[in-house]
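> Before anything else, here's the structure in question.
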Amino acid sequence: MAKSLYIQVGEVRGKPIPGMVSFTHQYTPPTETFKHSRGSLYTIIEILDTDSSQGVKLENDIYQAFQSTYYSATSGSVLSALESGYEGIKKLLLEKERTTGKPIKFEIIAAVLWGEALYLVKTQHTGVVFQRGEVAKELQFNKTASGAVKNGDNICLVNKNFLEKINTSDLIAPLKSEDFQEALKSLDSIVSTNDGAEAMVLRIYIEEPKEQQLEMVEIDSKSSVGMGSLLSNIKEQFSEKLPDFSSKIGVYFSQFWGYLKQGFFIVLNKIVEPWRPRLPGDIEDPSKRRRAKVVQVVVVMVILLSLSLGIALVNRANSAKTADFNEKVQSVEEKLTEAKNLATISPERSKELLLEVGQVITEAQSLGISSAKLDELTALYNTLQEEIRKVYEVSLEEFYSSENLSIGGLVQTANHFIILDKKGPKIISINKKSKVEKELFSKEVNLISESGGNIYVQSSLGVEKIDTATSNVTKILDASSDWGNLVSSGTYRGNLYLLDSEKKEVWKHVAVGGGLARAQKYFKDTNNIGEPLAMAVDGAIWVGNKDGALFRFLAGKKEKFEIDGLDKPFGEIRDIYTEEGSNILFILDKGNNRVVLLDKSGKYLSQYTSDQFGSAVDLLADESNKTIFIGVGNSIKSFKYQ
């Protein structure tokens, strides 16, 4: 059995220095061919005397040239391939210097781990600090070097500032810590105060193959019985256990059952007869008895052979499926390991790997093969989803429910939830603390929205306002002939906004005195917003549609809004919630059974999944208590968000 190599990777940095750009990289080839021939690559690259934006691009070009040249060198040793990678950098920089006319200063230190072998390449002002047991020292070499690693070794790829400002003897105690994360924290306390110091730390784990001892089983030869006794015992036991159904299913079936039992025992007697011990005085034909035994043995062998051939054919038919499954499981394991190792070094690459893993797990599960290994990897995937991608599977807690309730809309004031009950139809308020129910309105209603503690109620007759303090109802707007199919509403500083899916428009009704002015078109230009379903207003207007598109409008004009970091596109956006002053968009993605949190620049924050989100109609958020409330069926449910 082969040894197993595991590597934990971490990074520590000192204070940044103006004009210096530095990045670390970790790369494990996705294919077994490159992994077995060239190993995994770990790199630090520094660009000196440059501004940040130019330095980042230049550093990326250098790394891509180094990595691609190294792995494309399919012949020769690993050291020669590393030298080829270094020459690839020099060739790239020579071309750039000819173009710009400016010299480019850079430093690189790279390590390759291939089994238990370590290969190194570096420029003049970088180095490697190697720790084993009670010894930590800088390895002395000019350009390339190689050696063997052992379990527990720590390899630190470091830059010039690290070598000049950090005493290697100070690294022994932190690196000896068994907890790698604690070791990194201790190293960080040493390095963080030093300008420009940087190290990439590799901890080596080598697991020896484990031998499993087989339990010895003793067989007592004295307890063996002959074939005749065995078959006779089977007959006696089977006879005792055959149920008597006559009292339950009638006379006719009882007679049939009797004939069936009689026939069974006739056949069983024929089978047992050649194997039964002969009594003294019995007259028999020995050759006939032998033939009967031979026939039975041949029949058993034919049956066993047929079963073997059948199993072989089934196995052959399933071999491609099994091979495909095993390949997917191996791919999942490799990508999960890489994603975990890259979580702190390259979070974005780690997230990309988890996206790929999710797809491969789905494909593997669709093959219908039960696997404890896949179950274990799926559990690890879910854990990493939470830690890295911030994807959480949540259990909803019931806040309020009623058998006679069908939630069609949900808004909130400071102290109450306001529910549009389609079953009533009516509008009720629920006290957030006491959960006491109070009916506010009992007419047919289409949409509700909240404004300054009052409730705007839109119906086919117009808009009415409910004063939640007094329960007084006042009509403030007649129905407009401009309205089509109104699907969502929102308010901003007393103004009412109505989302019209038929007219592809938002109707704005400005607050005038104690009422609302007639409908005005909000959009300044013709906009393709698909089939809109959800809207939120916070000064800007956010619109989500059935196909999962999310738009931002300000002063009637569409603004550029791009989502960054979401693992998969939205499905049907059923509701959007936000408030003026909040930086979070809460989005009910009915198509994917999830609630997604974005900041208002489009950056992904987190997401929460539950089967119940697919039937939810509205969501609200209490940001002070980090709680999201969902209107689903006849109840309000909640969960905490991170």
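The values are calculated or read from the model by the stated rules, or taken from the named source; none is laboratory data. This one's a predicted model, so the numbers in the text were calculated from it and none came from an experiment. Ideal geometry is used to build each Cβ from the backbone, glycine not excepted, and the neighbour counts take in all protein chains shown. Surface areas here come from the heavy atoms of the whole protein model, side chains and all, with no ligands, DNA or RNA. Shrake-Rupley method; radii C 1.70, N 1.55, O 1.52, S 1.80 Å.
> Taking L187 as the residue in question, decide whether it is at pLDDT 90 or above, in a strand (DSSP E or B), within 22 Å of T344 (Cα to Cα) and not β-branched (V, I, T).
Here the answer is no, as L187 does not meet what is asked.
> Then there is this: If I ask for residues that are over 28 Å from the mean Cα position of the chain (by Cα) and of a type in the set (A, V, I, L, M, F, W, C), which ones from segment 9-29 would you list?
Within segment 9-29, I17, M20, V21 meet the criteria.
> So, one more: Out of (1) surrounded by fewer than 19 Cβ atoms within 10 Å (Cβ to Cβ); (2) in contact with a Pro (Cβ under 9 Å, 6 or more places away or on another chain), the odd one out for E502 is which?
The number of the failed condition is (2).
> Which ones in segment 316-349 are within 22 Å of S370 (Cα to Cα), crowded, with 17+ Cβ neighbours inside 10 Å and among the basic types (K, R)?
K328, K335
> Exactly one of (1) out of contact with any Pro (no Cβ under 9 Å at 6 or more places or on another chain); (2) free of Cβ contacts under 8 Å to residues at least 40 places away in the same chain; (3) farther than 22 Å from Y577 by Cα is unmet by I476. Its number?
Single failed check for I476: (2).
> Give I430, I476, I455, I418 a once-over and let me know the one that is assigned to a strand (DSSP E or B), open to solvent by less than 10 Å² (accessible area, probe 1.4 Å) and out of contact with any Ser or Thr (no Cβ under 8 Å at 6 or more places or on another chain).
Only one candidate passes the filter, namely I430.
> Could you tell me whether any residue of segment 563-572 is more than 27 Å from P347 (Cβ to Cβ), outside any strand (DSSP E or B), open to solvent by 40 Å² or more (accessible area, probe 1.4 Å) and at pLDDT 95 or above?
yes
> Next question. Give the residue, chosen from L486, L496, that is touching a His at 6+ places or on another chain (Cβ under 6 Å), at pLDDT 95 or above and open to solvent by less than 30 Å² (accessible area, probe 1.4 Å).
Values: L486 fails: touching a His at 6+ places or on another chain (Cβ under 6 Å).
Exactly one residue qualifies, and that residue is L496.
> Can I ask one more? How many residues does segment 55-92 contain that are of a type in the set (A, V, I, L, M, F, W, C) and within 20 Å of F23 (Cβ to Cβ)?
Within segment 55-92, residues that are of a type in the set (A, V, I, L, M, F, W, C) and within 20 Å of F23 (Cβ to Cβ) number 8.
> Pull out all pairs, ordered by first then second residue, where Cβ-Cβ is under 7 Å, the residues are six or more apart or on different chains, the first lies in segment 569-581 and is closer than 16 Å to A616 by Cα and without any contact (Cβ under 8 Å) to a residue 40 or more places away in the chain, and the second is open to solvent by 60 Å² or more (accessible area, probe 1.4 Å) and not in a strand (DSSP E or B).
Here the result reads G571/K590; E572/K546; E572/K590, each pair linking segment 569-581 to a residue that is open to solvent by 60 Å² or more (accessible area, probe 1.4 Å) and not in a strand (DSSP E or B).
> Now, a different point. Which of the strands (runs of 3 or more DSSP E) found entirely inside segment 122-164 contain at least 1 residues meeting this: over 36 Å from the mean Cα position of the chain (by Cα) and over 14 Å from A197 (Cβ atoms)?
By residue number, 127-132, 135-138, 144-148.
> Open to solvent by 80 Å² or more (accessible area, probe 1.4 Å), closer than 30 Å to D564 by Cβ and touching a residue at least 12 places away in the same chain (Cβ under 8 Å): is that true of E352 in this structure? Steps first, answer last, please.
On the way: open to solvent by 80 Å² or more (accessible area, probe 1.4 Å): yes; closer than 30 Å to D564 by Cβ: yes; touching a residue at least 12 places away in the same chain (Cβ under 8 Å): no.
No; evaluated as a whole, the condition is false for this residue.
> Can you give me the ranges of the helices (runs of 4 or more DSSP H) entirely in segment 30-112 with at least 3 residues that are under 30 Å from E356 (Cα atoms) and within 35 Å of the chain's Cα centre (by Cα)?
Values: elements: 32-38, 52-72, 78-100.
Hits in segment 30-112: 32-38, 52-72.
> Now for a different question. In this structure, does V294 turn out to be more than 60 Å from the chain's Cα centre (by Cα), farther than 30 Å from L367 by Cβ, at pLDDT 75 or above and open to solvent by 70 Å² or more (accessible area, probe 1.4 Å)?
Against the criterion (more than 60 Å from the chain's Cα centre (by Cα), farther than 30 Å from L367 by Cβ, at pLDDT 75 or above and open to solvent by 70 Å² or more (accessible area, probe 1.4 Å)), V294 qualifies.
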